[in-house]
Amino acid sequence: MIMSFRYLTSRLNSNLQTFLFLKAKDKLPFLQLGFSSSKFYQLFLSSGLASSKHNSLSKEETLMSMLKKCSTMKELKQIHACIIRAGFQQNLFVVGKVIVFCAVSELGDLNYAVSVFEDIENPDGFLWNTMIRGFGKTKNPQKAFEVFNRMREKGLVADNFTFSFLVKVCEQLGSIFLGEQMHCSALKHGLDSHVFVRNSLIHMYGMFKKVETSRQLFDEIPEPELVAWNSIICCCLYCDKCEDALDLFSRMLRHGIEPDEATLVVIFAACSGLGALDFGRWIHSCISSTNLSSILEVNNALIDMYAKCGALEEAYETFHRMKNRNIVTWNTMISGLATHGHTDKALELFSEMLEDKALVPDGITFLGVLCACNHGGMVDQGRRFFDMMSEEYCIQPTIKHYGSMVDILGRAGFLEEAYGLIRSMPMECNDIVWRTLLAACRLHGNVELGEKVRSHLLVLKPDHSSDYVLIANMYASMGQWAEVMRVRKSMHTRGVQKPQPGNSLIDSASSMNRDQVSV
């Protein structure tokens, strides 16, 4: 009888299985499903949840207490069994906590949330919103709109949370058309000015590179709060308007709004992009005596800013001052040292990192290490670290790792090996890696291989000016002037022109009036 029952229930979903288990409690006690040792079952027995002598309020309080202590799906299912046994399976407040854990928590199970949700006779707006939010976090966020359509069919009206979640889903799906539809729908319901909805819209338009729309929505807010400021500053950074980001930050401070860690991470990134080293130093000095200076993410952003602005000593000082470091901290410092040619120091730091058994290098770590080997002309070490990735740490090299290795080999003159490495890549090679090898062929005067590489580039990027310049210079270095003229004539015929020379600037934002604001 018991074996037959187990066989049948194993073919049912876990929610229905729990229900059948409770119906069969006389024949199949808790012991046979592993409940006897459960702290929740012991609480279930001691609290008298199964007794009719206890009132509903005390039972509800007990169940909520059990849910607060829940930390795994196994425990959640046991608590759910207690909820059904106590007759609270239609209590929206109690069951809502079950659905929140399953749909929203990183430890949850959305399929279980769906099974619980489908058993509720009249779910309220909170439960519908929770399911929308849960599906929005999955790999198929479009299902959130299926839930939304069902919600509307049931006659429920969307609220500010509904639109906030759906706007984020539009952003995940990369659909500006759908996002604009949600914006119009929020306008129709009079919810577009709600703080949650408005902030979500500002961020969404920014991620679609429509920063002017984001700015307009922000400027319409009478008294924006910190989240709104963070959203618009983040949009400016994402749209490469770093100077606007710093201007907004200064304006925010003048309005008496204090930054948080999210603000500072974005602002330090803007300083990096703009080369505003003095502005970054000033912010650092302002927060040095506050709790913000001890936040891991803030220090990581600070190291990155100093390193990208060339202030390696300050980056290293910040690194050593940190009491807690994560993989991002080490990666940022190693990459910063490697980029500026401090090969030995970068590799020394990498060795120091490996000594910490709690840290495991990732793909970004090895990009920094390969960069260091490249700057130091360390071919053998580069080969060793490239092999170490997959052999010791099971990290599959990406196109960037292959590109770094091609550059290492190419600069050192191992052109055929570099070409063979490209041909052995498990992914299709892009024009950047081919161009790296072409530059190496020009450096070492290997015309034959250079022409072969050029043929691949003609397929990928036939009108890229750098390729014409590289191949022409390669011919010129070998004295093949007829070939040089042929390449230049081909450029003229196809209308290919060399880009205007660029420039770089450090401290371009240092002239901002910092005396008017304070952190």
| field | Accessible surface of the range 241-292, 1.4 Å probe, proportion on carbon and sulfur as whole % | value | 44 percent
| note | Taking protein heavy atoms only, a 1.4 Å probe, and rounding to whole percent, the accessible area of the range 320-439 owed to carbon and sulfur comes out at 51 percent
| query | Once label points are set 7 Å from the Cα along Cα→Cβ at both ASN140 and LYS400, what is their separation, rounded to one decimal in nm? | reply | 3.1 nm
| message | Taking the Kirkwood radius as the inverse of the mean 1/r across Cα pairs, report the Rg/Rh of the range 380-426. | response | 0.95
| Say a paramagnetic label sat at a point 7 Å from the Cα of PHE93, along Cα to Cβ; which residues of the range 103-130 have their backbone N under 16 Å from it? | 124-127
| query | Can you pull the three principal axis extents for the Cα set of the range 143-270, in Å, largest first? | reply | 47, 26, 24
| remark: Calc'd 3J(HN,Hα), the range 67-73, phi into Karplus 6.51 cos²θ - 1.76 cosθ + 1.60 (θ = phi - 60°), Hz, glycine/Pro = x, comes to 5, 5, 8, 6, 9, 9, 5
| Calculated over the range 320-441: convex hull of Cα atoms, volume per residue (Å³) | 100 Å³
| Dipole magnitude of the range 181-294 about its Cα centre, charges +1 at Lys/Arg Cβ and -1 at Asp/Glu Cβ only, in debye to the nearest 20? | 220 debye
| said: Using only the heavy atoms of the protein chains and a 1.4 Å probe, how would CYS271, CYS394 rank by accessible area, largest first? | reply: CYS394, CYS271
| Whole-Hz Karplus ³J(HN,Hα) for the range 250-264, in order, using 6.51 cos²θ - 1.76 cosθ + 1.60 and θ = phi - 60°, x for Gly and Pro? | 4, 5, 4, 5, 5, 7, x, 8, 7, x, 10, 5, 5, 4, 5
| task | Report the full-extension gain for the segment ALA476 to MET427: residue separation times 0.36 nm, less the Cα-Cα distance, to one decimal in nm. | result | 14.3 nm
| field | Estimated distance in nm for a label pair at THR72 and SER294, the labels positioned 7 Å out from Cα along Cα-to-Cβ | value | 3.3 nm
| query | Which entries in LYS77/LYS154; LYS210/LYS461; LYS452/LYS489; LYS74/LYS137 show an alpha-carbon gap greater than 26 Å? | reply | LYS77/LYS154; LYS210/LYS461
| What translational diffusion coefficient, in µm²/s and rounded to a whole number, does the Stokes-Einstein relation yield for the range 75-209 at 20 °C and a viscosity of 1.002 mPa s, taking the hydrodynamic radius as the Kirkwood radius over Cα pairs? | 138 µm²/s
| said: What Kirkwood Rh does the range 93-154 have if only Cα atoms enter the pairwise 1/r average? Answer in Å. | reply: 11.4 Å
| What FRET efficiency would be calculated for the residue pair ILE120, LYS188, taking the C-beta separation as r and a Förster radius of 41 Å, to the nearest 0.05? | 0.90
| Of TYR393, LEU438, SER404, farthest towards positive along the dipole that unit charges on Lys, Arg, Asp, Glu beta carbons give the range 310-456 | LEU438
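The values are calculated or read from the model by the stated rules, or taken from the named source; none is laboratory data. As the structure is a prediction and not an experimental result, all values here were calculated from the model. A quick note on method: Cβ atoms are made from the backbone with ideal geometry, for glycine too, and the neighbour counts reach across all protein chains shown. Calculation scope for accessible area: heavy atoms of the full protein, side chains included, ligands and nucleic acids excluded. Shrake-Rupley method; radii C 1.70, N 1.55, O 1.52, S 1.80 Å.
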